[in-house]
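Okay, so here's the structure we're looking at.
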Amino acid sequence: MGRAKLPRKSTNIDMTAMCDVAFLLLSFFILTTKFKPAEAIAVTTPSSVAAKVAETKDIVLITIDKDGKVFISMDDESKKEVIANTLNTTKNLNLDVQKFKKAGFFGAPFSGLSAFLAIPEEGRKGNALPGIPCKDSSNNEVSTWMGLVLSAYAGQKANIQLKGDNASKYPAFKNVIDAFKKNDILKFQMITNPESVPVGTELWKSAMKGEKRTE
């Protein structure tokens, strides 16, 4: 007796539901994605092969742009509030403390801070600002800023970081470092663009030996 043959049926998978889910996910990511805004201070940092990761909390960042202008930013609003109140008391600047706390960075002399804070945040661009005076020892307001920072942290650790443009000149760095030294700040991190260690160099060889010892 012959074996009964089953009728062949074509395979048909309904993809409608999957397409709906895919388009929903695509729409979600398009609507929720936030593009990185243009940086207020454009800086192209030099490259280095340092492997140490920069701190991400309690940051006090001093930035030097390609024209040698200096800017300061902090991530702790409570410390910025202390600094604003100190400036209002000692220099009678009549600063808006709330605006001072919300400012992403500072890039004007003390005499121009009120006008700086009056500029809408989207209009505060480094290339249009004078920066903090730091030309020489007689007019180095960065030194005063660092004294205010240390006073605001009052014994707590502040992670001082320095980021400079690859095209900025040595005197700008020297004046900032002089401001650090004047406040006994002898340790700080340089922010650079990390790259891999060139193969065959002494640093690469020592790294390889270190990896072998840890295996």
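The values are calculated or read from the model by the stated rules, or taken from the named source; none is laboratory data. Remember, it's a predicted structure, so these values are computed and weren't measured experimentally. Cβ coordinates were reconstructed from backbone atoms using ideal geometry, including for glycine residues, and neighbour counts include every protein chain displayed.
Observations
- Qualifying residue in segment 120-131 (condition: at pLDDT below 95, surrounded by fewer than 19 Cβ atoms within 10 Å (Cβ to Cβ), hydrophobic (A, V, I, L, M, F, W, C) and farther than 30 Å from PRO194 by Cα): no
- When residues of segment 90-130 are limited to those that are aromatic (Phe, Trp, Tyr) and part of a helix (DSSP H, G or I), the one nearest to THR44 (Cα to Cα): PHE116
- Any hit, segment 45-54, residues being part of a strand (DSSP E or B) and either without any contact (Cβ under 8 Å) to a residue 40 or more places away in the chain or closer than 30 Å to GLU202 by Cβ (or both): yes
- Selection count where residues are surrounded by 12 or more Cβ atoms within 10 Å (Cβ to Cβ), hydrophobic (A, V, I, L, M, F, W, C) and modelled with pLDDT of 70 or more, scope segment 173-207: 9
- Test result for ALA54, within 30 Å of SER143 (Cβ to Cβ), modelled with pLDDT under 80 and buried (at least 16 other Cβ atoms within 10 Å of the Cβ): no
- Lone unmet requirement of (1) closer than 25 Å to ASP178 by Cβ; (2) free of Cβ contacts under 8 Å to residues at least 60 places away in the same chain for LYS69: (2)
- Just one of the listed residues (ALA40, ALA84) is at pLDDT below 95 and either touching a helix residue (DSSP H, G or I) at 6+ places or on another chain (Cβ under 6 Å) or surrounded by 14 or more Cβ atoms within 10 Å (Cβ to Cβ) (or both), namely ALA40.
- Screening ALA115 with (1) modelled with pLDDT of 85 or more; (2) surrounded by 17 or more Cβ atoms within 10 Å (Cβ to Cβ); (3) small (Gly, Ala, Ser); (4) farther than 24 Å from GLY155 by Cα gives one miss only, at (2).
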